1. Based on alpha-carbon centroids, what's the gap between the range 69-105 and the range 114-131 in Å, whole number please?
2. How much length is gained on full extension from E226 to T290, taking 0.36 nm per residue of separation minus their Cα-Cα distance?
3. Given R₀ = 41 Å, FRET efficiency for D251-L58 by Cβ-Cβ distance, to 0.05?
4. Separation of the range 142-191 and the range 210-281 by C-alpha centroid, Å?
5. Roughly how many nanometres apart are two label points built 7 Å out from the Cα toward the Cβ at A135 and N49?
6. How large is the dipole of the range 251-295 about the Cα centre if only Lys and Arg carry +1 and Asp and Glu carry -1, each at its Cβ, rounded to the nearest 20 debye?
7. So for the range 75-170, what percent of the C-alpha to C-alpha distances run longer than 21 Å?
8. Given a 1.4 Å probe and heavy atoms of the protein chains only, how would you sort M263, M115, largest accessible area at the top?
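The values are calculated or read from the model by the stated rules, or taken from the named source; none is laboratory data. Model, not experiment: these values are computed from the prediction. When we count neighbours, we look across all protein chains shown, and the Cβ atoms used for this are built from the backbone with ideal geometry, even at glycine. Keep in mind that these areas ignore ligands, DNA and RNA; they rest on the heavy atoms of the full protein, side chains included. Shrake-Rupley method; radii C 1.70, N 1.55, O 1.52, S 1.80 Å.
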Amino acid sequence: MPNSIHKFHFILFEGFSNMVLASAMEPLRDVKIRSVGATLEWQISTLNNAPVKSSSGLSIEPDTPLPVLERNHTVILVAGYGVRRLVNPEALLQIRLATRSAGTILGLDTAPWLMAATGLLDDHDATIHWQELDAFQEHFPAVNVTTQRFVKSGRMRTCGGASTALDLILDLIREKFGAAAAFDATTMFIYDPERQNKLRRGPGTLKHQGSPALLTAINVMAENIEHPLLLGRISQAASTSLRTLNRLFLDELGTSPGKYYQMLRLGRARDLALETDLSIEQIALRCGFTSAQSLSRSFSGTHNTSISSIRKGKPLRKTIKELVKEQQNDRSNECKTQ
């Protein structure tokens, strides 16, 4: 959907889990960086616009007062320890008003308790953190409580802890932005595939996310960013034909293998532009492009912005020689003033 804006609104409650919040927000951040033709925005609110502390003591200031969300917005409620203490008429009224017109409502960790207390989950399937399942079922007989990792029921989405929050967000990304975006968010730390496999991380362990041949092909692509392989070599490494490989990518990720390979290389180029002071020419060579001009054309064509523009506002790192010279100048100035 060209030029569409997807708005996500996080409502944090006292005692929320940092890990649950990160599991929900970081995949969205990854999609925001890579997205083409869609814009993601998110804000954080709290009850009464007051700061809240996580279960580990991290204090969060809200970005904006709690609004009444529009139909196209997604609201994400994040609660943790002490959720029962949060149930009072004023809090429930604020939640009802904020979620009344929201397009999709997510309850993470113990937030389904608050959703149920407002009546949002009446006659809906729902789940909650496993420690609260029995009490949840007893307190809210109008809710059909299940033990699934996450539950979709109408515009309601509920889950338990951090790992299930990640599953739920990836499923939401798949719905809104497609399978390729969800897969990219799942495998955002793929740059050292050998180590990832040893640690049982990365695409090789995500059997439910793609077929073995597809995962093998993506691993091979990730291992060969600087010196890209022909697709025929990649299909051989995946023990499949080029035609079958093309079908797997189109069916499971909604894009061709060549386009996906280019997305990986451009993603690496973007990271190098943001995190290093390498020249565009050096970045191009490290990402398998023949020249800076070739990289710039591909990047602009995919992301509708130039690779050089994303460096604007990023302070360049000073060299050791520059830092030493600054220190010498400072000492010289000190001596003059004494």
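1. Between the Cα centres of the range 69-105 and the range 114-131 lies a distance of 12 Å.
2. Values: separation 64, 0.36 × 64 = 23.04 nm, distance 1.04 nm.
That works out to 22.0 nm of additional length.
3. Once the sixth-power term is evaluated, E becomes 0.45.
4. Taking the Cα centre of each part, the range 142-191 and the range 210-281 sit 24 Å apart.
5. Simple spin-label model gives 3.3 nm for this pair.
6. Working: 5 positive and 6 negative charges, 22 e Å.
Around 100 debye, computed over the range 251-295.
7. That tail contains 21 percent of the Cα-Cα pairs.
8. Descending order: M263, M115.
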